[in-house]
Amino acid sequence: MATQLKNLSDFSHTTVPDGSPYKFAIAVAEWNAEITGSLYNGALQTLLKHGVKAENIISVPVPGSFELTAAAEILLQKHKDLDAVICLGCVIQGETRHFDFICDAVANGVSNVGIKHSKAVIFGVLTTDNQQQAIDRAGGKHGNKGDEAAITALKMAELTATV
Ligand code: DLZ
């Protein structure tokens, strides 16, 4: 049962739920694979570190970030016992408007899939101006956004189970 929040200090960024009761899927884009591979390793290790059983993690590759929405939908349709889906990708700004179309589509898409299924679908997609910014956020000087996506999934799984 969710408890009353009393003050801002309740919004702890250090308390991560025990993941042992939960089941997750990770969909990871193959575009910019050296970046998304690091995001994936970060997310996977973070789930395992927080007690998620290896057999309760489904991992699927998709060609590009645009396909993450379809993957999340398919996973939630086929695996009704999933608690959350983590979507990982990396879209790097190019010379055309492709960047904007892909970023908009995947952000709106994963959001809509989550609402449709009443399950958290986590947006772990880097949207950067260049390769260096992506490296910095995939295990570099700005941490690993895959780890953060996994922690968000754990928190949302607990919320879904307890609210
Ligand atoms: C086509 C494309 C381009 C130009 N750039 C990226 C990118 O930076 N990151 C990414 O994940 N995917 C990219 N894609 C592929 C699209 O996401 C998608 O796979 C194709 O448009 C086919 O639907």
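The values are calculated or read from the model by the stated rules, or taken from the named source; none is laboratory data. Nothing here was measured: the structure is a model prediction, and the numbers come from that model. Note: ideal-geometry Cβ built from the backbone for every residue, glycine included; neighbour counts use all protein chains shown.
Each residue in the range 138-163 was checked for being part of a strand (DSSP E or B) and within 15 Å of residue 26 (Cβ to Cβ), and 2 pass. A Cβ distance below 7 Å, combined with a sequence gap of six or more or placement on separate chains, defines the contacts here; from the range 46-74, residues that are under 18 Å from residue 35 (Cβ atoms) reach residues that are part of a helix (DSSP H, G or I) and small (Gly, Ala, Ser) in the pairs 46/150; 60/71; 62/71; 66/105. The helices (runs of 4 or more DSSP H) located wholly in the range 36-137 that include 3 or more residues which are more than 10 Å from the ligand (Cβ to nearest atom) and not polar (S, T, N, Q) occupy 68-78, 98-117.
In the range 95-138, which residues are out of contact with any Lys or Arg (no Cβ under 8 Å at 6 or more places or on another chain) and among the β-branched types (Val, Ile, Thr)? Correct list: 96, 102, 106, 110, 113, 115, 121, 122, 125, 127, 135. Residues in the range 13-35 that are within 11 Å of the ligand (Cβ to nearest atom) and in a strand (DSSP E or B): 2 in all.
Only one entry in 58, 115 is under 16 Å from residue 149 (Cα atoms), at pLDDT 95 or above, surrounded by fewer than 19 Cβ atoms within 10 Å (Cβ to Cβ) and β-branched (Val, Ile, Thr), namely 58.
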